[in-house]
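The values are calculated or read from the model by the stated rules, or taken from the named source; none is laboratory data. From a predicted model like this one, the values you see are computed outputs, not experimental measurements. All Cβ positions, glycine included, derive from the backbone under ideal geometry; neighbour counts span all protein chains shown. To get the accessible areas, we keep the full protein, side chains included, count just its heavy atoms, and leave off ligands, DNA and RNA. Shrake-Rupley method; radii C 1.70, N 1.55, O 1.52, S 1.80 Å.
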Amino acid sequence: MCIFCDIINGKAKSYKIYENKSTLAFLDIYPISYGHILVIPKKHYENIYSMDNEILTEVIKTVKTVTELLKEKLGINDVNIINSNGRIANQTVFHYHMHVIPRRENDNLDFIDEWWVNKYIKINDTNFNEIMNKLKN
Ligand code: 5GP
Ligand code: ZN
């Protein structure tokens with residue numbers, strides 16, 4: 001049993017914002033900002049590794065629609081789009097989802113910003129080359 005599948009099949013309550021044939025956008029029940037939305041495929045996929053490419057395209061298109069709704073209706077011009085895959089990455093619901101997190105001036109969501117500010121690992125040219133050579137096609 002999966003809580004997001006239950007939301008899709010109507011067994012669990014949710015606050016739906018937008019839906020189409022293959023995707024659903026609804027309010028996160030523990031929002032970290034006013035208007036925090038989750039976008040999911042209606043079919044169950046655990047994470048990015050099992051996601052179907054076409055459905056993934058549909059999900060990101062719905063994410064864009066949601067950002068437009070937030071802009072038009074809530075005046076939001078800044079947003080973080082976050083997707084966690086796997087336990088170590090803090091995925092807690094194992095039905096693929098993207099978080100759309102509205103950002104406002106002085107919103108105290110510093111933990112998101114801190115990921116990118118002064119948190120980079122020390123790496124040299126050899127490391128960069130090693131990583132590039134391992135990963136590139
Ligand atoms: P994750 O940590 O897997 O990236 O995010 C899971 C998200 O799902 C969390 O932000 C959590 O608040 C949300 N969530 C968990 N259970 C429910 C639920 O029953 N309803 C809704 N709307 N959101 C949920
Ligand atoms: Zn599911």
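In terms of solvent-accessible area of protein heavy atoms at a 1.4 angstrom probe, what is the ranking of M1, M51, highest value first?
Descending accessible area places them as M1, M51.
Please give the calculated 222 nm ellipticity per residue for the chain, where each DSSP H segment of at least 4 residues contributes -39500 (n - 2.57) and the sum is spread over every residue; nearest 500 deg cm²/dmol?
Value at 222 nm, helices only, nearest 500: -9500 deg cm²/dmol.
Under a point spin-label approximation (7 Å from Cα along Cα-to-Cβ), what is the Y15-I60 distance to one decimal in nm?
Here the answer is 2.9 nm between the modelled labels.
Let's test the formula: R0 of 30 Å, r as the Cβ-Cβ distance of T126 and N53. What FRET efficiency results, to the nearest 0.05?
That gives a FRET efficiency of 0.30.
For region 67-137 and region 5-53, compute the distance between their C-alpha centroids and round to whole Å.
Using only Cα atoms to place each centre, the spacing works out to 19 Å.
Counting only protein chains, not ligands or nucleic acids, how are L27, L109, L135 ordered by accessible area (probe 1.4 Å), most first?
The most accessible residue leads, giving L135, L27, L109.
Roughly how many percent of the accessible protein surface of region 3-109 is carbon and sulfur, given a 1.4 Å probe and a whole-percent answer?
52
Taking K and R as +1 and D and E as -1, what net charge do the other residues with C-beta under 15 Å from the C-beta of E130 add up to?
Residues close to E130 contribute a combined charge of +2.
From the cross-link list K42/K134; K61/K134; K21/K73; K13/K43; K21/K71, which pairs have alpha carbons spaced over 25 Å apart?
Flagged as over cut-off: K42/K134; K61/K134.
Rounded to whole Å and sorted largest first, list the principal axis extents of the Cα atoms in the chain.
53, 37, 23
Give, rounded to the nearest 20 debye, the magnitude of the charge dipole that the chain has about its Cα centre when Lys and Arg contribute +1 at Cβ and Asp and Glu contribute -1 at Cβ.
Rounded to the nearest 20 debye, it is 340 debye.
With every protein chain left in place, what is the accessible area of E46 in Å² (1.4 Å probe, nearest 10)?
In the full protein context, E46 sits at about 90 Å².
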